[in-house]
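**Q** Below you'll find the structure I mean.
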Amino acid sequence: MINQKTIKNSLVFTGIGQHKGILNTIELFPADIDTGIVFEIKGKKYQLNLNNVFGEAGYTCIGEKDGVNVKTIEHLVSSLHGLGVDNLLIKTESEEIPIQDGSALPLLKEIEEKAGFLIQNAPKKAIKILKKIEYSDEKGAVSIEPSDKGLLTLDVQIDYSGIKPIGIEHEVIDLTEENYKSKICMARTFARMSDVEYLHSKGLCLGATLKSGIAVDEEKIINPEGLREPNEFVFHKILDAIGDLYVMGHSIIGLYKNSRGGHFHNNQLVRAVMSDASNYEIVEL
């Protein structure tokens, strides 16, 4: 039996938000068995589930779409999924989760080194996928189907054929804590430099710099340090998907496939899965 997990000590971290470029503060607190992941935003609580989460172009939000919400939760939630954290309270008065270096690595280190973990006296639960479910549009396609591995496997392909330093990348990887720490968590978000400059001119994406992600043009990577690992671009899409899928509320047993899909596609896929109870069952690990 695998038990549920929370953090041992509370944790505060701060950083610049990607979109408004202002300082944000997030507090993490241990939570009781079967609590799940809960965000408390300006005094209002929102469970990490489909009722409270929505996908926008380029990021994921929790809260009320036309009211109180916090943006860019995907890297934090991805790190919680990757570390196997089941129960947590996240408090913030801010509008964004700090972007840090554009990956989940700083968040993961803070949690591991300063908060630690508490194993709880209750079995860990997982959502076992029973049927193949798909979502697609003209921009991309995602699916999830049954797997006999007993964990989540991610099969992801990106296609940026017109941008030489990215091109087409494909990776298949099992979501284990070891794989998350060694291959996935350090993969940074990325964008074309021309797109970032345009957004800056419009007063948008003000926190985006070469310290908060990878910038490319059609021919080269702009960051002087280059990539952290081969296929870092597709590994960042895997990182995002791990966060987006945790909206189901538990760890997942299934095979996830993604061809050019983004946060919106993942959100729609999760909605399709959870819309019919015959698509899945909740099991104890």
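Quick note: the coordinates plus some simple rules give every number you see, no bench work behind them. Computed from a predicted model, the values in this text were never measured in an experiment. Please note: Cβ atoms are built from the backbone with ideal geometry, for glycine as well, and neighbour counts cover all protein chains shown.
**Q** What ranking of 193, 186, 1 emerges when the number of other C-beta atoms within 10 Å of each C-beta is taken as an exposure proxy, fewest first?
**A** Fewest-to-most ranking of 193, 186, 1: 1, 193, 186.
**Q** While we're here: Considering the dipole of the stretch 197-285 built from charges on the beta carbon (Lys and Arg +1, Asp and Glu -1) around the Cα centre, which of 206, 259, 234 is farthest to its positive end?
**A** 206
**Q** Which ³J(HN,Hα) values in Hz, rounded to whole numbers, follow from the phi angles of the stretch 189-200 under the Karplus curve 6.51 cos²θ - 1.76 cosθ + 1.60, where θ = phi - 60° and Gly and Pro get x?
**A** Each residue of the stretch 189-200 in turn: 4, 8, 7, 6, 4, 5, 5, 5, 5, 5, 5, 4 Hz.
**Q** Follow-up. Can you tell me which of 70-77, 112-119 comes out highest on packing, and rank the rest after it, using the mean Cβ neighbours within 10 Å?
**A** Per-residue Cβ counts within 10 Å, averaged per peptide and sorted highest first, yield 70-77, 112-119.
**Q** Next question. About its Cα centre, how strong a charge dipole does the chain have in debye, to the nearest 20, once Lys and Arg get +1 and Asp and Glu get -1 at the Cβ?
**A** Around 340 debye, computed over the chain.
**Q** At what distance in angstrom do the alpha carbon centres of the stretch 124-150 and the stretch 73-111 lie from each other?
**A** Value for the Cα centre distance between the two parts: 24 Å.
**Q** Scan the stretch 168-224 for chymotrypsin sites (Phe, Trp or Tyr not before Pro) in coil per DSSP, keeping those whose Cβ has at most 14 other Cβ atoms within 10 Å, and list them by number.
**A** Within the stretch 168-224, no chymotrypsin sites (Phe, Trp or Tyr not before Pro) qualify (loop, at most 14 other Cβ atoms within 10 Å).
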